[in-house]
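Worksheet: one structure, shown below.
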Amino acid sequence: MTRFQVYLQDANQYRRLVGKFLYLTITRLDVNYVVQLLSQFLQNPTSEHMKATLNVLRYLKSAPGQGILMAYASTAQLTTFVTLTRLALQTRGDVLQAIVFFLAGDLSLGNQKS
């Protein structure tokens, strides 16, 4: 820990928020990268990570309706494949994650109104 890092005493709120953000990334691809970064610090989050999480929450509240919108009676099917591959980089093992989305049928992106 450096002198500027203060670990959270109770990380449950951080973990709950990041967990909800992970679920939200299915339809909100614009926050996928930052949520992936925040999820790497679930074990020992700092106050800076919590500030970043609250910034993501503010962004999501300021931009509702952005993402993939599907009608209730739509024939569209969204299929997701997730792969995790462990890479040995020097002395540590990093994880490479690939997410592939296939969408077939009716689709609306963004804030389009019908």
**Request:** Please enumerate the residues belonging to the stretch 6-32 that are hydroxyl-bearing (Ser, Thr, Tyr) and touching a residue at least 24 places away in the same chain (Cβ under 8 Å).
**Result:** TYR7, TYR14, THR27
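Results for (1) modelled with pLDDT of 90 or more; (2) assigned to a strand (DSSP E or B), shown as yes or no for each residue.
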site	(1), (2)
LEU42	yes, no
GLU48	yes, no
THR53	yes, no
ARG58	yes, no
PRO64	no, no
TYR72	no, no
THR79	no, yes
THR83	no, yes
ALA88	no, yes
**Item:** Selection within the stretch 33-58 - more than 13 Å from LEU17 (Cβ to Cβ) and either without any contact (Cβ under 8 Å) to a residue 60 or more places away in the chain or outside the structural domain of ALA11 (by TED's automatic domain parsing) (or both)
**Value:** TYR33, LEU37, GLN40, GLN43, ASN44, THR46, SER47, GLU48
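The values are calculated or read from the model by the stated rules, or taken from the named source; none is laboratory data. Quantities reported herein were computed from a predicted structural model and do not represent experimental measurements. Every residue, glycine among them, receives a Cβ derived from its backbone with ideal geometry; neighbour counts consider all protein chains shown.
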